[in-house]
Amino acid sequence: MNKLKVIAFDADDTLWVNEPYFQEVEKKFCEMMEDYHPQHTISRELLKIEIANLSLYGYGVKGYILSMIEAALHISGKTLSIEAIQKILELGKEMLEKPIELLDGVEEVLQQLQGKYRLVVATKGDLLDQERKLKKSGLEKYFHHIEIMSDKQEADYQKLIRHLDIAPEEFMMIGNSLKSDVLPVLKLGGIGVHVPYHTTWAHETVEHKVEHENFYQFAHANEVLAVL
């Protein structure tokens, strides 16, 4: 990896805890709506509406709140009370106010890499929310550049790589999602490192096995240090 110049990190569930908060709120939402349908049916309906709304709202808590309200209206046959809508809004605000819980060893990895490579955050989500989380995390000082992306397709990474003024083979992406963090980067000729998190949003799962000369998978982010 002599050519490597830039190492990018995903944020949610790579640097800090995120998905468990969504699952916690989804459970409360399903319990709240179970007078209408079984919880698994409500969960499935919410996911369907979330995915349909991605092109409108993008990723993040605010879009999730709107999708919960839409799902609740649909599930209830538009009989949902104002109090129930208020409760959904409160659940969303609780998520936005969650403390930042760094994943084990992440800061130590950043400390060891800083100065050797340009470090970048490349993450999806709501701009204001991700900036808030990064600031609260105390990790901002390690990064040369912060890129909050509307999506993580090949074209999005291509744009980032051009902005960083490097070749794809000089770029490494580390993240918990094969679909968003690894596969698009491998297709461009970059290096993709998968550090799985114990829980992953259904929309981000990949069923097939990834085999590629530039692909690495580690149980913990600090294992990447051994190959650099």
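Give me the pairs: first residue in the range 55-69 and in contact (Cβ under 8 Å) with a residue 12 or more places away in the chain and not assigned by TED's automatic domain parsing to the domain that holds Q153, second residue surrounded by fewer than 17 Cβ atoms within 10 Å (Cβ to Cβ) and small (G, A, S), beta-carbon distance under 9 Å, and six or more apart or on different chains, which are they?
The qualifying pairs are G58/S150; Y59/S150; S67/A52.
Only one residue in L89, L128, L54, L73 is in a helix (DSSP H, G or I), among the aliphatic types (A, V, I, L, M) and farther than 24 Å from C30 by Cα, so which one is that?
L128
Pairs please, first residue from the range 119-144 and at positive phi and surrounded by 20 or more Cβ atoms within 10 Å (Cβ to Cβ), second anywhere and of a type in the set (V, I, T) and at pLDDT 95 or above, Cβ atoms under 9 Å, 6+ apart in sequence or on different chains.
Filtered contacts from the range 119-144: no entries.
Are any residues in the range 145-199 of a type in the set (D, E) and surrounded by 15 or more Cβ atoms within 10 Å (Cβ to Cβ), and if so, which ones?
Once the filter is applied, which keeps residues that are of a type in the set (D, E) and surrounded by 15 or more Cβ atoms within 10 Å (Cβ to Cβ), the range 145-199 yields E147, D156, E169, E170, D181.
Taking into account only those residues within the range 46-78 that are among the charged types (D, E, K, R) and closer than 18 Å to G92 by Cα, which is surrounded by the most Cβ atoms within 10 Å (Cβ to Cβ)?
Per the criteria, the residue is E50.
What about E83, is it assigned to a helix (DSSP H, G or I), out of contact with any strand residue (DSSP E or B) (no Cβ under 8 Å at 6 or more places or on another chain), loosely packed, with under 14 Cβ neighbours inside 10 Å and assigned by TED's automatic domain parsing to the domain that holds L119?
So E83 does not fit the description; no.
In the range 175-194, what residues are assigned to a loop (DSSP other than H, G, I, E, B) and modelled with pLDDT under 95?
Those that are assigned to a loop (DSSP other than H, G, I, E, B) and modelled with pLDDT under 95: N176, S177.
What number of residues within the range 88-106 are of a type outside the set (D, E) and surrounded by fewer than 16 Cβ atoms within 10 Å (Cβ to Cβ)?
5
State the number of residues belonging to the range 1-37 that are modelled with pLDDT under 95 and in a strand (DSSP E or B).
1
The values are calculated or read from the model by the stated rules, or taken from the named source; none is laboratory data. A quick note: this is a predicted structure, and the numbers were derived from the prediction, not measured. Positions of Cβ are backbone-derived with ideal geometry, glycine not excepted, and every protein chain shown enters the neighbour counts.
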